[in-house]
Amino acid sequence: MDKFRIEGGHPLSGQLQVSGSKNSALPAIAACLLSEQPVVLHRIPRVRDIGTMLKLLEHNGATVEWLEGGALRITAAEIKNPEAPYEIVKTMRASSLVLGPLAARTGRAKVSMPGGCSIGARPINLHINGLEHLGAVVHQEHGDIEAVAEKGLRGNTVHFERITVTGTEDLMMAATLAEGTTVLENAAREPEVVDLANLLSKMGAQIEGAGTSRIRIEGVKKLRGAEHEIIADRIEAGTFVIAGVATGSEVVVSGCVPEHFASLLVKLRQAGARVEEAGTSVEVRPAGRLRSVDMTTEEHPGFATDLQAQFMALMTRATGISFITENIFENRFMHVPELARMGANIRIEGKQAIVAGPSTLTGAQVMCSDLRASASLVVAAMVAQGNSILDRVYHIDRGYESIEKKLAAAGANIERIG
Ligand code: EPU
């Protein structure tokens, strides 16, 4: 199993280039199931979850070709197998994103029920409930969920009980081929939802309001092929900015949309960091000692849960007490005991982590438990004294494209070891 060895205390310099967004590319790939024609997607990050999603589409009958420069051509001329088997779903919960497209295209979709996940229970009841509102008959048996809409889906109003990102995406895709009008109320407003709506519109879908909490979709008979570039990964960008601030670096994070992670930049400035937006880049400059600030994760445009762990690693170095509240997932503090092994002083009380800083972190052997927890350990190891070994970095490979190569090229002392 691969590990990272990281020696702390090396500042970053130059540029860190951001890849395409994993969480935008995943629904975009699922959307290819909605058309018989080829869809070309640019700026697909080479990360493990994308490989898993492509395997799933091939299982459904699509052909997948990698083109020059990280682009993909996906053609779902015929859906041979509208199913997502357990072997694939168990490794990636975003597999449930094919439920809506398959039901819309073929009138039937069978997706293995995702089990628990390290960051929380993560049920998909809201996806199912939404499809039922669009006229699908859904039943669950032998660990599978089957949605059947023999005469096709019908538009309706779907009010999400709570905001769900992939639930919104799943239903938006389903509604593009439903008969009549669908209105999604209390929809997610994440940039990834907007990016998906832009792709679907290029494919001929009629969508209004993506990016607001009310999305209106007028169903059409068919969708056509299209070409689309995936947006920059705001979580990778935010991780790099945090790494730059933590290490007191002068570094430019480029090829991103700073507006997509504005809430992080606001918090960093409150903490005394020097971070400046410059078009599609964020410039990080060395600042004095950081102050502790409180932070609460929320749905977009609030502070992203996917940056909570990395921000916590930074707060261990700030002076004072920081209350970090996790509102989206019930078990997203798995990095805390690992940060504590490195010398952090953090107490968990329910959904709040209380970080007392500044702590002098020292390199240690630590375990990655999920994608973003791993990223926080990378940040911590980069500021710690001496060497750290991060075990189980396959978690980080799910969602960061060659993170060790990008950081090493910018001056970090990090290497992958077997
Ligand atoms: N929820 C339900 N029922 C549902 C769906 C969600 O109760 O049917 C709950 C979840 O358990 C959670 C909350 O609603 O407590 C929000 O979950 P959401 O559905 O928004 O999460 P998701 O769509 O499964 C996406 C990202 C996650 C990111 C969250 C929140 C993708 C592929 N995944 O997950 O990304 O943390 O939104 O922003 O887009 C990551 O990249 O590391 C990651 C976990």
### Task
Could you give me the residue pairs with C-beta distances under 7 Å whose first residue belongs to region 362-379 and is more than 12 Å from GLN310 (Cβ to Cβ), whose second residue is within 14 Å of the ligand (Cβ to nearest atom) and not in a helix (DSSP H, G or I) wherever it lies, and which are 6+ apart or on separate chains?
SER369/SER118; SER369/MET334; ASP370/SER118; ASP370/ILE119; ASP370/MET334
#### Entry: Sole exception among (1) in contact (Cβ under 8 Å) with a residue 40 or more places away in the chain; (2) assigned to a strand (DSSP E or B); (3) within 24 Å of CYS117 (Cα to Cα) for VAL355, by number
(3)
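Just wondering, is there one or more residues in region 27-36 that are small (Gly, Ala, Ser) and in contact with a Cys (Cβ under 9 Å, 6 or more places away or on another chain)?
No, there is no match, as no residue in region 27-36 is small (Gly, Ala, Ser) and in contact with a Cys (Cβ under 9 Å, 6 or more places away or on another chain).
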### Summary
Contact list, first residue from region 104-124 and away from the ligand (no atom under 12 Å from the Cβ), second anywhere and open to solvent by 40 Å² or more (accessible area, probe 1.4 Å) and assigned to a helix (DSSP H, G or I), beta-carbon distance below 8 Å, six or more apart or interchain, is SER112/TYR86
### Query
How many residues does region 64-114 hold that are over 16 Å from ILE29 (Cβ atoms), part of a loop (DSSP other than H, G, I, E, B) and open to solvent by less than 40 Å² (accessible area, probe 1.4 Å)?
3
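How about region 315-339: which of its residues are more than 16 Å from the ligand (Cβ to nearest atom), within 21 Å of THR239 (Cβ to Cβ) and not charged (D, E, K, R)? Write out each step before concluding.
Of region 315-339, the ones more than 16 Å from the ligand (Cβ to nearest atom) are 315-323, 336-339.
Narrowing the set further to residues that are within 21 Å of THR239 (Cβ to Cβ) leaves 315-318, 322, 336-339.
Scanning region 315-339 gives MET315, THR316, ALA318, SER322, VAL336, PRO337, LEU339.
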### Message
Considering only region 319-328, I want to know if a residue exists there that is within 30 Å of ALA187 (Cβ to Cβ) and assigned to a helix (DSSP H, G or I).
### Response
no
### Summary
When region 361-377 is checked residue by residue, the ones that are among the small types (Gly, Ala, Ser) and more than 26 Å from the chain's Cα centre (by Cα) are GLY363, ALA364
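Give me the helices (runs of 4 or more DSSP H) completely within region 366-418, filtered to those with at least 1 residues that are more than 16 Å from the ligand (Cβ to nearest atom), ordered by residue number.
Details: elements: 371-383, 394-397, 403-409.
Those helices (runs of 4 or more DSSP H) span 371-383, 403-409.
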### Task
Scan region 44-73 residue by residue and report those that are under 14 Å from GLU229 (Cα atoms), away from the ligand (no atom under 16 Å from the Cβ) and in contact (Cβ under 8 Å) with a residue 12 or more places away in the chain.
LEU67, GLY69, GLY70, ALA71, LEU72, ARG73
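The values are calculated or read from the model by the stated rules, or taken from the named source; none is laboratory data. What you see is a predicted model, and the numbers here were worked out from it, not measured in a lab. Heads up, the Cβs are rebuilt from the backbone with ideal geometry, glycines too, and the neighbour counts pull from every protein chain shown. Accessible surface is based on the protein model in full, side chains and every heavy atom, while ligands, DNA and RNA are left aside. Shrake-Rupley method; radii C 1.70, N 1.55, O 1.52, S 1.80 Å.
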